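Only one structure is covered here, and it is reproduced in the block below.
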Amino acid sequence: MTVTIVGSQLGDEGKGRVVDLYGDAADVVVRYQGGDNAGHTVVHDGETYKLSLVPSGAVRGKVGVLGNGCVVNPETLFDELDVLRERGLDPDVRVAERAHVILPYHRVLDGIEEDEKEDLAAGTTKRGIGPTYEDKVGRRGVRVGDLLDPEALRERLEYVVPQKKALAEDVFGIETDEAFDVDHLFETCREYGERLADENMTVDAGTYLQRRVDEGDAVMLEGAQGTSLDIDHGVYPYVTSSNPTAGGASVGSGLGPGVIGGGEIVGIVKAYLSRVGTGPLPTELGGVEGQTPDYDPADADDEEEELATYIRDEGGEYGTVTGRPRRVGWLDVPMLRHAARASSFTGLAVNHVDVLAGLDEVKVGHSYEFDGEEILTPPPTTEKWGRCEATFETFDGWPDVDWTEVADEGYEAIPENARAYLEYLADELDVPIYCVGVGPGREQTVVLEDPFE
Ligand code: GDP
Ligand code: IMO
Ligand code: MG
């Protein structure tokens with residue numbers, strides 16, 4: 001059977017920790033989209049692992065697969081594997097031959113295009129994700145299988161690289177280096193191919209995964225990013241270039257929709273909102289310069305900014321690399337209704353309930369007011385979404401308690417007001433709660449249901 005883990009908001013909902021939580025029963029953990037733009041955290045036994053491309057099951061020693069829907073930078077994959085091995089893990093990762101390869105010029109172009117786009121920039125991770133998916137769809141990409149086939153590789157590079165070079169030099173006016181040189185890229189790619197072959201890392205992923213399912217193995221599919229960052233269902237153009245929603249798990253792994261849909265699909269929810277990047281956020285608290293649209297700190301509401309800072313600090317909502325504050329807000333229920341529908345959630349994991357503890361009251365954006373009408377789901381264009389005003393419902397706050405003890409004792413030990421909040425959410429989305437995160441560690445979870453059982 002399969003269990004698919006899907007981010008229901010804007011990324012960083014705690015997907016990695018839920019993969020780890022339920023991962024004991026899994027035999028294989030598969031990433032089906034995205035690349036090293038993801039950062040999934042697993043905290044166990046005093047160790048914190050930040051996984052970027054390697055599926056989070058590696059912490060429990062599970063086989064990892066990077067499906068055909070992923071974009072893979074072999075450089076960062078090898079670095080990550082080396083670091084994990086130095087830390088004593090023994091990751092076994094297979095890469096789909098159909099997955100596309102992020103090459104050095106993709107990263108350069110990601111950076112340039114972000115600078116050019118100004119107001120339309122999503123604030124990407126500059127890992128080359130968008131440009132690589134563009135080449136995939138434009139049918140000029142280099143795939144993992146090509147790294148093992150020198151003739152095919154050279155043919156592809158000779159076709160595409162001069163175009164990229166012309167784009168960089170003639171359209172964007174930058175001086176190019178070896179990142180745009182066919183011979184250099186060919187050598188680099190051959191080295192990647194040799195290491196992949198030496199370590200026996202490539203696989204026909206769909207066939208392999210179906211065989212594992214047929215043999216009765218448990219397969220977990222680990223989504224990256226989140227529903228509102230989905231290229232089709234998110235806040236376009238402030239999105240990533242793949243489909244984190246559950247349909248992507250089928251297309252991006254090679255397991256049919258009947259297999260994915262026949263299993264469980266768990267939506268991961270952060271008990272509030274966080275956002276790295278631009279685009280509308282009707283339940284945002286305060287703002288962050290350079291990310292919140294039309295934000296002027298001089299007009300800011302002090303009380304709201306204080307609350308935002310409190311949640312940001314308690315939740316550690318600062319960029320892991322840059323230290324930049326992330327945007328934060330109250331839970332956006334229209335966004336979640338949209339996510340539950342788009343991915344057919346069968347269960348919910350609600351994380352970060354501990355972060356909101358100690359507040360007098362906790363709000364949720366229950367619906368939006370849009371052009372004088374109440375709507376329960378987001379409108380289809382981002383411009384319309386930007387005109388929505390959230391209508392809030394208020395819950396009494398819950399106290400800060402010993403959350404590890406709560407996790408030990410179970411659901412009834414969660415403070416009553418927090419339970420009321422969780423039950424409201426399950427009712428609104430018509431999806432049962434499978435687990436509640438009350439701290440980052442593996443044991444700091446209240447488990448109501450194990451989707452593998
Ligand atoms: P992902 O990208 O969805 O896997 O999420 P990230 O790992 O990027 O971000 C989630 C952050 O919150 C990480 O630092 C986690 O260790 C932490 N975290 C996850 N669940 C909880 C929770 O229930 N409570 C608290 N306090 N932190 C959590
Ligand atoms: P995980 O898997 C949060 C955001 C970027 C940017 C937009 C596009 O850890 O939840 P990209 O580099 O993908 O072209 O950037 O998407 N973004 C994420 N935000 N968590 C992530 O991954 C993200 N991956 C991309 O900030 O706004
Ligand atoms: Mg993350």
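The values are calculated or read from the model by the stated rules, or taken from the named source; none is laboratory data. Because the structure is a prediction, the values reported are computed rather than measured. Counting neighbours? That spans all protein chains shown, and the Cβs are built from the backbone with ideal geometry, glycine included.
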Open item on the list: One residue is enough: does region 260-273 have a residue meeting the conditions out of contact with any helix residue (DSSP H, G or I) (no Cβ under 7 Å at 6 or more places or on another chain), assigned to a helix (DSSP H, G or I), farther than 30 Å from Pro325 by Cα and in contact (Cβ under 8 Å) with a residue 12 or more places away in the chain?
Closed with: yes
Open item on the list: Any residue in region 17-42 that is within 20 Å of Thr124 (Cβ to Cβ) and outside the structural domain of Val276 (by TED's automatic domain parsing) sitting within a Cβ distance under 7 Å of a residue that is among the β-branched types (Val, Ile, Thr) and modelled with pLDDT under 95? List the pairs, counting only those 6 or more apart or interchain.
Closed with: Asn37/Thr125; Gly39/Thr320
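Inside region 119-148, can you point out the residues that are within 16 Å of ligand 3 (Cβ to nearest atom), in contact (Cβ under 8 Å) with a residue 40 or more places away in the chain and either at positive phi or of a type outside the set (A, V, I, L, M, F, W, C) (or both)? Steps first, answer last, please.
From region 119-148, those within 16 Å of ligand 3 (Cβ to nearest atom) are 122-127, 129; that's our starting set.
From what is left, the residues that are in contact (Cβ under 8 Å) with a residue 40 or more places away in the chain are 122-125, 127, 129.
Selection gives Gly123, Thr124, Thr125, Arg127.
Residue-by-condition table, conditions (1) of a type outside the set (D, E, K, R); (2) not assigned by TED's automatic domain parsing to the domain that holds Gly67:
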residue: Arg190; (1), (2): no, yes
residue: Asp214; (1), (2): no, no
residue: Gly223; (1), (2): yes, no
residue: Thr227; (1), (2): yes, no
residue: Asp230; (1), (2): no, no
residue: Tyr236; (1), (2): yes, no
residue: Val239; (1), (2): yes, no
residue: Ala246; (1), (2): yes, no
Open item on the list: Looking at the structure I just gave you, is Val239 in a loop (DSSP other than H, G, I, E, B), surrounded by 15 or more Cβ atoms within 10 Å (Cβ to Cβ) and within 16 Å of ligand 1 (Cβ to nearest atom)?
Closed with: yes
- [ ] Keeping to region 291-304, report how many residues are free of Cβ contacts under 8 Å to residues at least 60 places away in the same chain and in contact with a strand residue (DSSP E or B) (Cβ under 8 Å, 6 or more places away or on another chain).
- [x] 2
Open item on the list: Within region 219-249, take every residue that is of a type in the set (D, E, K, R) and away from ligand 3 (no atom under 15 Å from the Cβ) and give me the one that is farthest from Val71 (Cα to Cα).
Closed with: Asp232
Open item on the list: Condition (residue is part of a loop (DSSP other than H, G, I, E, B), among the aromatic types (Phe, Trp, Tyr), away from ligand 1 (no atom under 16 Å from the Cβ) and more than 14 Å from Val72 (Cβ to Cβ)) applied to region 171-181: is it met by at least one residue?
Closed with: yes
- [ ] Look at region 244-258 and say how many of its residues are in contact with a helix residue (DSSP H, G or I) (Cβ under 7 Å, 6 or more places away or on another chain), crowded, with 22+ Cβ neighbours inside 10 Å and assigned to a helix (DSSP H, G or I).
- [x] 3
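Taking Pro282 as the residue in question, decide whether it is in a loop (DSSP other than H, G, I, E, B), touching a residue at least 12 places away in the same chain (Cβ under 8 Å) and surrounded by 15 or more Cβ atoms within 10 Å (Cβ to Cβ). Even if it seems obvious, please write down each step before you answer.
On the way: in a loop (DSSP other than H, G, I, E, B): yes; touching a residue at least 12 places away in the same chain (Cβ under 8 Å): yes; surrounded by 15 or more Cβ atoms within 10 Å (Cβ to Cβ): yes.
Answer is yes for this residue.
Which of the residues belonging to region 212-232 are surrounded by fewer than 22 Cβ atoms within 10 Å (Cβ to Cβ) and part of a loop (DSSP other than H, G, I, E, B)?
So in region 212-232, the residues surrounded by fewer than 22 Cβ atoms within 10 Å (Cβ to Cβ) come out as 212-218, 231-232.
Selection gives Glu215, Gly216, Asp217, Ala218, Ile231, Asp232.
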TODO: Return a yes/no flag: does region 279-297 have any residue that is within 16 Å of ligand 3 (Cβ to nearest atom), modelled with pLDDT of 95 or more, touching an Asp or Glu at 6+ places or on another chain (Cβ under 7 Å) and closer than 20 Å to Leu429 by Cβ.
DONE: no
Open item on the list: Let me confirm something: among Leu348, Leu376, which residue is aliphatic (A, V, I, L, M), under 20 Å from Gln225 (Cα atoms) and in the same structural domain as Pro293 (by TED's automatic domain parsing)?
Closed with: Leu348
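Let's see how each residue does on (1) charged (D, E, K, R); (2) away from ligand 3 (no atom under 15 Å from the Cβ):
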position: Asp20; (1), (2): yes, no
position: Val30; (1), (2): no, yes
position: His44; (1), (2): no, yes
position: Leu53; (1), (2): no, no
position: Val71; (1), (2): no, yes
position: Asp82; (1), (2): yes, yes
position: Arg85; (1), (2): yes, yes
position: Asp90; (1), (2): yes, yes
position: Arg98; (1), (2): yes, yes
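Condition check ((1) within 14 Å of ligand 1 (Cβ to nearest atom); (2) basic (Lys, Arg); (3) within 15 Å of the chain's Cα centre (by Cα); (4) within 29 Å of Glu97 (Cβ to Cβ)) across all residues:
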residue	(1), (2), (3), (4)
Ser228	yes, no, yes, no
His233	no, no, yes, yes
Gly254	no, no, no, yes
Gly261	no, no, no, yes
Val269	yes, no, yes, no
Tyr272	yes, no, no, no
TODO: Looking for whichever is over 23 Å from Cys435 (Cα atoms), away from ligand 2 (no atom under 16 Å from the Cβ), of a type in the set (Val, Ile, Thr) and in a strand (DSSP E or B) here; the options are Val3, Val95, Val83. Which one fits?
DONE: Val95
Open item on the list: Can you say whether Glu116 is more than 14 Å from ligand 2 (Cβ to nearest atom), within 30 Å of Gln163 (Cβ to Cβ), without any contact (Cβ under 8 Å) to a residue 60 or more places away in the chain and outside any strand (DSSP E or B), as far as the supplied structure shows?
Closed with: yes
TODO: Go through (1) in contact (Cβ under 8 Å) with a residue 24 or more places away in the chain; (2) within 20 Å of Arg107 (Cα to Cα); (3) in a helix (DSSP H, G or I) and name the single condition Leu196 misses.
DONE: (2)
- [ ] Kindly list, by first and then second residue, each pair from a residue in region 428-449 that is in contact (Cβ under 8 Å) with a residue 60 or more places away in the chain and more than 16 Å from ligand 3 (Cβ to nearest atom) to a residue that is in a loop (DSSP other than H, G, I, E, B) and of a type in the set (Asp, Glu), limited to pairs with Cβ atoms under 6 Å and residues at least 6 apart or on different chains.
- [x] Tyr434/Glu449; Val438/Asp354; Gly439/Asp354
